[in-house]
Amino acid sequence: MIDSHCHINDVSFKDNPAEYVKLAKCAGIAEFLVVGYDEKSSRIAVEIAKNFPECFAAVGIHPSDVKRMEKGDLESIEKMAQDDRVLAIGEIGLDYYWDKEESVQEQQKEFFIKQIDLANKLNKPISIHCRDAYEDCYQILKAHPVKKGGVMHCYGGSPEMAQLFIKLGFVLGFGGTLTFKNARKPREVLESISSNDYILETDAPYLAPDPYRGKQNHSKYLYLVRDKIAEIKGVSLEEVDRQSTENFNRIFR
Ligand code: NI
């Protein structure tokens, strides 16, 4: 399995990435995409990617971190992104759940577009974080197509919108939320898409799957997401492993 979205660069794990990778590998994880959310975390993601052959990095400024950006951060991200170990620009996007102020939302849009332009300049895909902003996110992607596509990480939108994102070259990331008891929406989305359209993720240390909900997440729990997808799609565990890996490689390599 490939964990397409984890934060080994988070303060919970960054001091002992070797231990993290070892534990996850024992649980069947072959590769990791370590995702940045600001300048510093992106830098650590690249460092981890250089130190561990199983790890790759995504670099970018998360919408909720846009208001804390410092001068030169975007230039720094651009420099980091040139590295071959950086597979994507991310996580980038829009988050209106935490930021309700219009001026901040405008700023989020501005930096989302700037980072899409960067991805296109470097011919890399993007990893999107979107919360309570699917319509605006779609309009931006339609007006600023991403050549290499990307992933809607932890997709929480409707099945109808899912088809629109898929048409624009995106796959959907499924993680812990799919395993929650009240997970009607992600389940409906998964049922409605083809097997070419999903990849696996944990978002560790966040969003631990059931029965670890509320605890610190870890890539070693990714099998719980994989098992749930197999159950919903009515296919074998091996088939989900194979298909999600193929989907990941199509977008990110
Ligand atoms: Ni994340």
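The values are calculated or read from the model by the stated rules, or taken from the named source; none is laboratory data. Bear in mind that the values here come from a model prediction, so they are computed numbers and not experimental data. Backbone-built Cβ (ideal geometry, glycine too); neighbour counts: all protein chains shown. When the accessible area is computed, the model is the full protein with side chains, heavy atoms only, and any ligands, DNA or RNA have been set aside. Shrake-Rupley method; radii C 1.70, N 1.55, O 1.52, S 1.80 Å.
Once Rh for the chain is found with the Kirkwood sum over Cα pairs, what is the Stokes-Einstein diffusion coefficient at 20 °C and 1.002 mPa s, in µm²/s?
120 µm²/s
After finding the eigenvalues of the alpha carbon gyration tensor for the stretch 58-123, what semi-axes result from the square roots of 5 times each, listed largest first in whole Å?
22, 11, 10
Could you work out how far the C-alpha centroid of the stretch 100-124 sits from that of the stretch 232-253, in angstrom?
The stretch 100-124 and the stretch 232-253 have Cα centres spaced 30 Å from each other.
Report relative contact order for the chain in percent, whole number only (criteria: Cα-Cα under 8 Å, sequence separation at least 6).
Working: 536 pairs, mean separation 46.2, N = 253.
Relative contact order for the chain comes out at 18 percent.
Using all Cα-Cα distances in the stretch 159-199, what percent lands in each 5 angstrom bin from 0 up to the longest?
Here the calculated profile for the stretch 159-199 is 6, 25, 35, 22, 10, 2, 0.
Distance between Cα centroids, the stretch 163-186 to the stretch 63-91: provide it in whole Å.
Their Cα centres are 25 Å away from one another.
Rounded to the nearest whole Å², what accessible area per residue is found for the chain with the 1.4 Å probe?
44 Å²
Scan around residue 173 for amide H atoms under 5 Å from its own, H built in the peptide plane at 1.01 Å from N, and keep only partners 5 or more places away or cross-chain.
Distant-sequence amide H within range of residue 173: 152, 153, 154, 155, 199.
Pop out the carbon and sulfur fraction of the accessible area of the chain as a percent, whole number, probe 1.4 Å.
Looking at the chain in its full context, I get 50 percent from C and S.
DSSP loop (so not H, G, I, E, B), at most 15 other Cβ within 10 Å: list which chymotrypsin sites (Phe, Trp or Tyr not before Pro) in the stretch 59-158 pass both filters.
Here the chymotrypsin sites (Phe, Trp or Tyr not before Pro) that fit, given the DSSP loop and packing criteria, are 97, 98.
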